[in-house]
Amino acid sequence: MIPNDTPITPALVAEHGLKPDEYQRILDLIGREPTLTELGIFSAMWNEHCSYKSSRVHLRGLPTAGPQVIQGPGENAGVVDIGDGLAVVFKMESHNHPSYIEPYQGAATGVGGILRDVFTMGARPIACLNALSFGAPSHAKTRHLVAGVVAGIGGYGNSFGVPTVGGSVRFHPRYDGNCLVNAMAVGIAKKDEIFYAAASGVGMPIVYLGSKTGRDGIHGATMASAEFGEDSEEKRPTVQVGDPFSEKLLLEACLEIMAKGCVIAIQDMGAAGLTSSSTEMGAKGELGVMLDLDKVPCREEGMTAYEMMLSESQERMLMVLKPEKEEEAEAIFRKWGLDFAVVGETTDTKRFIVRHQGDIMVDLPITELGTEAPVYHRPFVFTERPASVDATKIQAPIGIAEALEKLIATPDMCSKRWVWEQYDYVIGGNTVQRPGGDAAVVRVEDGPKGLALTTDVTPRYCEADPFEGGKQAVAECWRNLTAVGATPLAITDNLNFGNPERPEIMGQFVGCIRGIAEACEALDFPVVSGNVSLYNETKVAGEEFGRAILPTPSIGGVGLLADFRKSATLAFKAEGEAILLVGETTGWLGQSMYLREVCGREEGAPPPVDLTEERENGDFVRALIADGTATAVHDLSDGGLLVAVAEMAVAGGMGAVLGDAPQDIPAHAHWFGEDQARYVVTVKADQADAVLARARDASVLVSRVGSTGGEMLALPGEMPLAVDTLRARFEGWLPAYMAGEL
Amino acid sequence: MATMKAAVLVFPGINRERDMARTLRLVSGQAPAMVWHTETALPAGTDLVVIPGGFSYGDYLRCGAIAARSPIMDAVRQFAAGGGLVLGVCNGFQILCESGLLPGVLMRNENLRFICRDVYLRVERSDTPFTRGYNAGQVVKVPVAHGEGNYIADGETIARLEGEGRVIFRYAAPDGMIDPNWNHNGAINAIAGIVSDKGNVLGMMPHPENHVEDVIGVTDGRGLFAGLAEALESAA
């Protein structure tokens with residue numbers, strides 16, 4: 001055991017991930033050498049993961065307000081009003097580094113952490129989603145990571161008992177050394193019964209609840225604030241182990257004592273465990289905190305103050321209870337078989353004091369621990385915008401039908417059924433639209449309201465042009481919610497980037513944020529919660545800089561349906577209906593899936609997003625859904641028009657006959673271009689003219705591109721494709737790959 | 001149909017008790033009693049015990065093994081011995097097997113993965129209180145969500161179950177044919193649900209309680225609960 005009065009050497013400081021100038025900041029702040037435990041606490045609070053020191057100045061540019069917003073960023077999760085006295089509580093968070101080291105537990109505890117963030121606020125979780133990015137399918141680790149991460153997400157969510165209703169999965173060699181696991185949780189709470197972290201009152205008991213504290217996950221947040229070297233395997237002990245059973249008990253116990261009015265303040269123990277939760281409660285309440293570690297329930301004997309303060313053992317909570325309700329709360333926790341211990345109290349000193357075995361191990365100013373964390377204005381250079389690709393100069397190497405067959409069987413565009421069938425998406429009995437559509441739809445309690453949920457981002461667009469890519473991620477999220485008929489409410493953002501100490505990475509970050517901000521502003525779609533994950537890169541022997549991931553700002557969106565029964569799905573419904581294309585098609589092939597997967601070229605500028613057009617087109621489509629005119633709706637994204645139509649055909653088990661491409665656009669660009677702000681909508685044939693007239697009145701571009709019907713997808717000048725063949729191609733790739741057949 | 005007095009058992013880690021309670025309320029008009037595992041008696045007048053799905057005790061030991069030894073299970077054994085109706089779904093089926101109320105065990109799915117999807121069940125008999133809402137041979141679509149639903153028992157037990165007509169549901173193709181491609185978990189003889197020798201205890205892996213509302217989608221699960229309500233009413 002290392003004693004608390006261990007001399008603090010530069011090597012020890014460096015091991016704690018603190019730079020020399022950051023250590024000087026500590027000395028200046030407290031006016032003496034810190035104890036070992038204090039050094040550990042600074043390390044935990046001032047790392048990138050907890051302090052947002054590189055990102056904070058830029059995050060301020062995001063719009064976070066709106067009439068619907070009850071709580072924006074800064075609490076455990078965002079809170080948005082959905083009427084009827086109810087609020088939706090949601091957040092997305094990354095667990096990238098742990099998932100790469102130990103995929104099952106890394107992903108599982110990612111789900112556990114985000115669920116706690118939501119129920120800490122008094123909400124019962126009603127849905128989970130995720131956004132996963134893996135390396136190239138051919139990379140030696142990819143199959144292992146996919147299998148482990150998916151099993152871990154399912155293993156936790158299924159046992160906890162929340163439906164996992166949606167998400168996204170992508171593959172790219174840039175994630176070879178760093179996979180991304182972004183988990184989102186959504187809950188419902190009574191609008192006037194939201195719980196916050198700020199403590200109030202002096203001398204109030206601080207109560208520890210949940211599982212016991214062990215030696216797992218010590219310095220997990222510090223690990224997540226550094227790039228991977230060749231020793232990442234050795235970091236396995238910093239990954240926590242999840243216990244969804246305990247979390248389910250913790251959920252029920254917490255909701256029960258909240259309902260009984262026992263709770264003044266509550267904070268879950270996530271990153272940096274006891275340290276982060278207790279200082280946050282004190283600092284937010286402008287109070288001091290005294291902790292007595294002799295009272296902390298421990299799983300192992302002989303734990304030091306240092307270990308207890310930095311443990312990231314899962315399924316733990318810290319609360320300030322109303323003293324007169326302490327007994328009642330304890331009885332509820334005992335009923336659920338959970339630990340309950342008074343471990344400290346609030347004070348009026350604004351100091352953070354930790355006692356252990358009679359000694360004071362920590363004595364720090366509580367407010368400054370947070371506010372004096374370093375803030376960096378890191379240098380950045382913007383990505384140079386690539387030249388646009390001229391579609392007329394791109395040779396089509398294969399025919400349109402063949403290209404379609406190829407595209408829908410690519411790793412990024414194929415069906416992810418193999419993944420989502422390992423998640424219980426049915427539990428709760430409220431899943432109206434299951435995985436596989438544009439957005440999941442979940443009924444709110446007994447209805448008629450419903451929530452639409454989705455996660456989106458197109459990293460290749462962000463890489464080519466961070467600003468347009470950031471805009472596009474938000475716009476696509478908004479579009480997916482619209483495509484099921486929902487009114488988009490707000491987003492949570494999970495910003496995954498490389499090493500911020502590199503100006504070009506910082507430039508990607510700043511560019512994406514500015515794009516996100518512009519789109520959120522234009523679409524009245526504020527950011528209410530989020531998470532930043534930097535240092536997603538891996539050192540490669542012989543190279544000066546690590547290899548960074550594609551910039552991946554995952555956007556988790558929530559939309560509201562006044563009546564869930566009126567949500568639209570993408571499946572073709574009936575023979576002989578008119579297929580309409582909403583939005584302008586210019587044939588944009590730059591950064592398209594067609595260019596990458598069929599032509600083998602990752603180049604050009606991504607499609608620009610016209611946010612005015614986005615809004616007008618979306619409002620038009622939402623109105624068609626609301627009045628029952630639209631029979632099927634699908635947003636256009638990866639793969640453009642023809643892929644969207646093929647997905648609608650496969651989902652409906654029904655073919656279509658499509659008309660000619662316009663003269664002024666090359667056929668491949670017409671069918672596979674990725675112009676934004678577009679939807680495919682089907683309407684009854686006899687209503688098509690009326691819809692076209694409505695569109696003209698609204699100045700929205702709508703054209704008829706074909707009719708539904710038959711068992712084939714028929715394209716002009718091409719051999720028709722059987723829908724069954726398309727389905728086999730669409731469904732085939734992932735199971736075959738995971739079985740090791742590819 | 002005001003006579004159903006259902007008791008839904010709640011063990012730590014059970015997570016479909018709310019789904020089950022809602023379905024019982026929707027179909028019978030009566031909210032069930034929620035009975036905590038430490039209770040030693042069922043509420044007076046209970047005429048149906050339901051053990052819902054979930055992960056009792058995290059399924060950290062064998063699925064259902066710890067719950068099967070809970071205080072309330074003695075009361076359930078007594079209730080069943082007296083001919084009372086007991087329905088166990090998913091983890092509830094596993095608990096019934098572990099508690100000796102039904103024979104056999106549920107092993108990990110053949111592909112070793114958790115599977116959530118709609119499956120087709122062939123209803124083998126309609127002359128039980130659980131299936132009187134269906135016709136024999138009818139095919140119903142209900143969801144499964146489990147990692148350990150692969151039913152197995154020794155040869156003699158299987159022969160007796162089959163011989164006595166105690167296999168009530170089998171995984172089948174949409175047309176009702178038994179086909180290994182439609183038996184997602186590899187259960188022997190495609191067994192999805194069985195009854196006890198007296199026919200009053202049913203264990204099944206699929207979740208009929210999640211397919212009862214037309215606004216959510218399929219309603220094929222409704223027949224089981226509507227039939228039970230009828231059976232209880234006619235018995236009352």
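Values quoted throughout were computed directly from the atomic coordinates according to the rules given, and no laboratory measurement underlies them. All values reported here derive from a predicted model rather than from experimental measurement. Note that each Cβ is placed from the backbone with ideal geometry, even for glycine, and that neighbours are counted across all protein chains shown.
Brief remarks on what is shown
- In the calculated pair-distance distribution of the stretch A:598-688, the portion above 15 angstrom amounts to 68 percent of the Cα-Cα pairs.
- The stretch A:590-638 gives an Rg/Rh value of 1.16, both radii derived from C-alpha positions and Rh following Kirkwood.
- Mean partner shielding of peptide A:425-438, defined as the number of other chain Cβ atoms within 10 Å of each residue Cβ, is 5.
- Per-selection Rg to Rh, the stretch A:27-84 - Cα, Kirkwood hydrodynamic radius: 1.19
- Per principal axis, descending, Cα span of the stretch A:470-536 in whole Å: 42, 18, 17
- With 10 Å bins beginning at zero, the pair-distance distribution over Cα atoms of the stretch A:392-500 amounts to 12, 30, 35, 19, 4, 1 %.
- Counting only other chain Cβ atoms within 10 Å of each residue's Cβ, the peptide B:143-151 averages 3.
- Mean separation of Cα contacts under 8 Å, 6 or more apart, over the residue count of chain A: relative contact order %: 15
- Between 0 and 90°, nearest 10: helix A:466-483 axis offset from chain A longest Cα axis: 70
- Value of D in µm² per second that Stokes-Einstein yields for chain B, Kirkwood Rh from Cα pairs, at 10 °C (1.306 mPa s): 92
- The stretch A:377-455: chymotrypsin sites (Phe, Trp or Tyr not before Pro) in DSSP loop, at most 10 other beta carbons within 10 Å: none
- The stretch A:36-131 - convex hull of alpha carbons, volume per residue in Å³: 144
- Centroid-to-centroid separation of the stretch B:152-171 and the stretch A:630-681 [C-alpha atoms, Å]: 51
- Segments B:181-192, A:393-404, A:579-590 sorted - mean Cβ within 10 Å per residue, highest first: A:579-590, B:181-192, A:393-404
- Relative to the longest principal axis of the Cα atoms of chain A, helix A:640-652 runs at roughly 90 degrees.
- Rounded, prolate or oblate (a/c below 1.5 giving rounded, otherwise prolate when a/b exceeds b/c) for the stretch A:625-742 by Cα gyration tensor: prolate
- Counting only other chain Cβ atoms within 10 Å of each residue's Cβ, the peptide A:335-342 averages 1.
- Antiparallel DSSP beta bridges within the protein assembly as shown, percent to nearest 5: 75
- Hydrodynamic radius (Kirkwood) for the stretch A:70-109, which is based on Cα pairs only, to one decimal in Å: 12.1
- Taking a sphere under 14 Å around the Cβ of residue A:12 and counting the other residues whose Cβ falls inside, with K and R at +1 and D and E at -1, yields a net charge of -4.
- Inter-part distance where the stretch A:557-603 and the stretch A:392-467 are each reduced to a Cα centre, Å: 10
- Whole-percent pair-distance distribution, where bins are 10 Å wide, for the alpha carbons of the stretch A:563-651: 14, 41, 32, 12, 1
- For the stretch A:53-86 versus the stretch A:236-315, the gap between their alpha-carbon centres in whole angstrom: 24
- Taking a ≥ b ≥ c as the square roots of the Cα gyration tensor eigenvalues, the stretch A:237-286 comes out oblate, since a/c reaches at least 1.5 and a/b does not exceed b/c.
- Taking only the Cα atoms of the stretch B:117-192, the ratio Rg/Rh comes out at 0.95, with Rh defined as the Kirkwood radius.
- Cα shape, the protein assembly as shown, gyration tensor, a/c 1.5 rule: oblate
- Note: relative contact order over the stretch A:626-693, using C-alpha pairs below 8 Å and six or more positions apart, is 52 percent.
- Qualifying GluC sites (Glu not before Pro) for the stretch B:129-207 [loop in DSSP, other Cβ within 10 Å: at most 12]: B:164
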